[in-house]
Amino acid sequence: MQSKDSATTSSYQRAALLEQVRVAVVHAILLCIVFISVMPFVWMFFGSFKSYVELTAGESLLPQDWTVDNYRAIIFRANFPQAFWNSSLVSLIVTLSVLFTSTAAAYVFAKYRFWGKEQLFVVVLSTMMVPFAVVLVPLYVTIADIGLSNKLGGVIVPVLFSTFGIFLMRQFLEGIPSDLIDAGRIDGASEWWIFSRIIIPLSSAPMAALAVFTFLFNWDNFLWPLVVLTSPQTKTLPLVLAGLRSLYWERYDMWAAGSMLTVAPVMLLYAVAQKQFIRGITMTGLKA
């Protein structure tokens, strides 16, 4: 009996030891991934406060003489404030439009019954499979024909609707009990009242996740603004940031400062909406 008990205890101890080793290895791998991911941002942050000579010397990570000259030069010489305003305007307008149109379309696909609904949804999803390079030229021709070339409207109009947003919101809305909607209709509520007072408040978490995705995509969008925008007064932040290579050749301190000014609003947005973002992704994932 004692030998059986000791053997069982020994096997439990071995299993517990193996589990501890496995957890330690997983944590070590995750820490390495975090280190590799974070270090470029750390280098960029400290490098933006160094002079060119100190940065290229590479003696230490922390600046010996902190300076904001790089930021001052970027803001006043690289047309950064105008580009910041352009990117903010484009990102905010597109995000608000995508939130409304995606939620409305997803509500129709999730809660309405009509002939060909599933087939239509498949057609909508199939547009996600088309590479942007395929529609780049015809899209530009269309934008030029309606007079939006070299205007912020030319960047905004093609992305006012999001297939991904419709898919994401539909996954969540299918989990909302239809009894809530039917109860509103029985009480005489209009479809707009149901949508604005029931659907939108219940969808705050996935809408926050969609808002972060949409804002990030448009804030970082480079290819389409590069094609449409040519005037310095209409360029967005990614275009101005790319132009720093010609304005400040091999000035890594300037590049770091420009990158920090571009990344800072995005990091602030994610810090504010982090809980809602994670909650929204989790909730929509459970409904998939």
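Side notes on the structure shown:
- Filter pass, residue 31 being at pLDDT 90 or above and either surrounded by 14 or more Cβ atoms within 10 Å (Cβ to Cβ) or assigned by TED's automatic domain parsing to the domain that holds residue 263 (or both): no
- Selection over the stretch 65-95 of residues that are surrounded by 17 or more Cβ atoms within 10 Å (Cβ to Cβ) and farther than 30 Å from residue 162 by Cα gives a count of 6.
- Residue check for residue 62: modelled with pLDDT of 90 or more and surrounded by fewer than 14 Cβ atoms within 10 Å (Cβ to Cβ): no
- Top-ranked residue of the stretch 182-216 - restricted to ones that are within 23 Å of the chain's Cα centre (by Cα) and free of Cβ contacts under 8 Å to residues at least 40 places away in the same chain, ranked as surrounded by the fewest Cβ atoms within 10 Å (Cβ to Cβ): 201
- Exclusive hit being touching a Pro at 6+ places or on another chain (Cβ under 8 Å), closer than 25 Å to residue 242 by Cα and not basic (Lys, Arg), set 37, 88: 88
- Those residues of the stretch 1-25 which are at pLDDT below 80 and among the basic types (Lys, Arg), in sequence order: 4, 14
- Total residues in the stretch 108-146, condition part of a loop (DSSP other than H, G, I, E, B) and either at pLDDT 90 or above or touching a Lys or Arg at 6+ places or on another chain (Cβ under 6 Å) (or both): 1
- Pick from the stretch 236-249, criterion at pLDDT below 90 and assigned to a loop (DSSP other than H, G, I, E, B), ranking: nearest to residue 98 (Cα to Cα): 248
The values are calculated or read from the model by the stated rules, or taken from the named source; none is laboratory data. Computed from a predicted structure; not experimentally measured. So basically every Cβ, Gly included, is an ideal-geometry build from the backbone, and we count neighbours across all protein chains shown.
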